[in-house]
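Undergrad: Dumping the structure here so I can ask a few things about it.
The values are calculated or read from the model by the stated rules, or taken from the named source; none is laboratory data. If you're wondering where the values come from, they're calculated on a predicted model, not measured in any experiment. Here the Cβ positions follow ideal geometry from the backbone for every residue, glycine too, while neighbour counts run over all protein chains shown.
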Ligand SMILES: CC(C)(COP(=O)(O)OP(=O)(O)OC[C@H]1O[C@@H](n2cnc3c(N)ncnc32)[C@H](O)[C@@H]1OP(=O)(O)O)[C@@H](O)C(=O)NCCC(=O)NCCS
């Protein structure tokens, strides 16, 4: 059985544990400086202990379960530099068209639909009950939260967050480092970095 280390022992780490087990991994444990109260597997140590942890678990692979996009990117790069293969996780209940590409370190939660020719870039998080139409691109380390809908040909930039239940009308482009609030409806291109809320989604603030 393939062995997996999970980087990040918070809520996302626990969810990744559940998904990785369904995918068929044996979970060796978590790496973090702190952990949730009800961690479902052993906390092996923090990033500082990584060499020791790898040495005692031969051929172990890694998954980075950190919600913050920028931190997820940094830890993914650090762990790759230390020689750990970062894997993607796709829950078996999700319907993924044959020609969809899924980058390393991406995670597809249960009950997701991703249609033809779409691309989920490395490190992206696609949460439960998200629907993604054809020819969509979700950028690197972006998060598409619970129940959001991205219609055909939508393009989402890097390190962007699409809030739960948001809807993006077909063909629209969303830039890098953008936050779309929960329940918003994106009716036009939103390229400039910032927080967009409501129906239609309008810029309401900065996400610095
Ligand atoms: C948009 C968002 C990031 C703003 O967070 P925040 O900066 O902490 O904002 P606050 O909660 O302080 O709210 C600021 C104001 O915006 C309003 N607001 C917050 N989120 C909103 C939303 N999604 N739609 C409309 N208005 C919203 C609040 O009511 C508040 O209004 P007020 O100033 O009139 O009282 C956040 O509310 C959101 O939607 N996040 C997505 C969460 C998500 O998807 N979670 C699922 C994880 S799987």
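Undergrad: Can you name every residue in segment 186-198 that is under 12 Å from residue 170 (Cβ atoms) and surrounded by 15 or more Cβ atoms within 10 Å (Cβ to Cβ)?
TA: Matches in segment 186-198: 186 only.
Undergrad: If you don't mind, there's one more thing I want to ask. Here is a check on your reading of the model: is residue 112 crowded, with 24+ Cβ neighbours inside 10 Å, closer than 20 Å to residue 182 by Cβ and in the same structural domain as residue 166 (by TED's automatic domain parsing)?
TA: no
Undergrad: Still on this structure: What is the number of the single condition among (1) surrounded by 19 or more Cβ atoms within 10 Å (Cβ to Cβ); (2) out of contact with any helix residue (DSSP H, G or I) (no Cβ under 7 Å at 6 or more places or on another chain); (3) free of Cβ contacts under 8 Å to residues at least 40 places away in the same chain that residue 79 does not meet?
TA: (3)
Undergrad: For residue 70, state whether it is within 14 Å of the chain's Cα centre (by Cα), loosely packed, with under 15 Cβ neighbours inside 10 Å and not assigned by TED's automatic domain parsing to the domain that holds residue 160.
TA: yes
Undergrad: Can you name the residue in segment 156-198 that is more than 12 Å from the ligand (Cβ to nearest atom) and part of a strand (DSSP E or B) and, of all such residues, is nearest to residue 73 (Cα to Cα)?
TA: Ranking the candidates gives 156 first.
Undergrad: Could you run through segment 11-39 and say how many residues are under 15 Å from residue 64 (Cβ atoms) and assigned to a helix (DSSP H, G or I)?
TA: Final tally of qualifying residues: 9.
Undergrad: Kindly establish whether residue 203 is surrounded by fewer than 20 Cβ atoms within 10 Å (Cβ to Cβ), part of a strand (DSSP E or B) and away from the ligand (no atom under 11 Å from the Cβ).
TA: Criteria met by residue 203.
Undergrad: Restricting the search to segment 48-60, which residues are farther than 13 Å from residue 32 by Cβ and surrounded by fewer than 17 Cβ atoms within 10 Å (Cβ to Cβ)?
TA: Passing the criteria: 51, 52, 55, 56, 57, 58, 59.
Undergrad: Right, here's the next one. Which one of these does residue 143 not meet: (1) surrounded by fewer than 20 Cβ atoms within 10 Å (Cβ to Cβ); (2) under 22 Å from residue 74 (Cα atoms); (3) within 14 Å of the ligand (Cβ to nearest atom)?
TA: (1)
Undergrad: Whether any residue in segment 40-61 is at pLDDT 95 or above, outside any strand (DSSP E or B) and under 17 Å from the mean Cα position of the chain (by Cα) is what I want to check.
TA: No: zero hits.
Undergrad: Separate question: So residue 98 clears everything in (1) surrounded by fewer than 20 Cβ atoms within 10 Å (Cβ to Cβ); (2) touching a residue at least 60 places away in the same chain (Cβ under 8 Å) except one condition, right? Which one?
TA: (2)
Undergrad: Please indicate, with yes or no, whether at least one residue in segment 132-139 is farther than 17 Å from residue 201 by Cβ, under 15 Å from the mean Cα position of the chain (by Cα) and touching a residue at least 24 places away in the same chain (Cβ under 8 Å).
TA: Yes - at least one qualifying residue is present in segment 132-139.
Undergrad: State which residue is nearest to the ligand (Cβ to nearest atom) when the search covers only segment 115-140 and only residues that are surrounded by fewer than 24 Cβ atoms within 10 Å (Cβ to Cβ) and within 19 Å of residue 14 (Cα to Cα).
TA: That would be 127.
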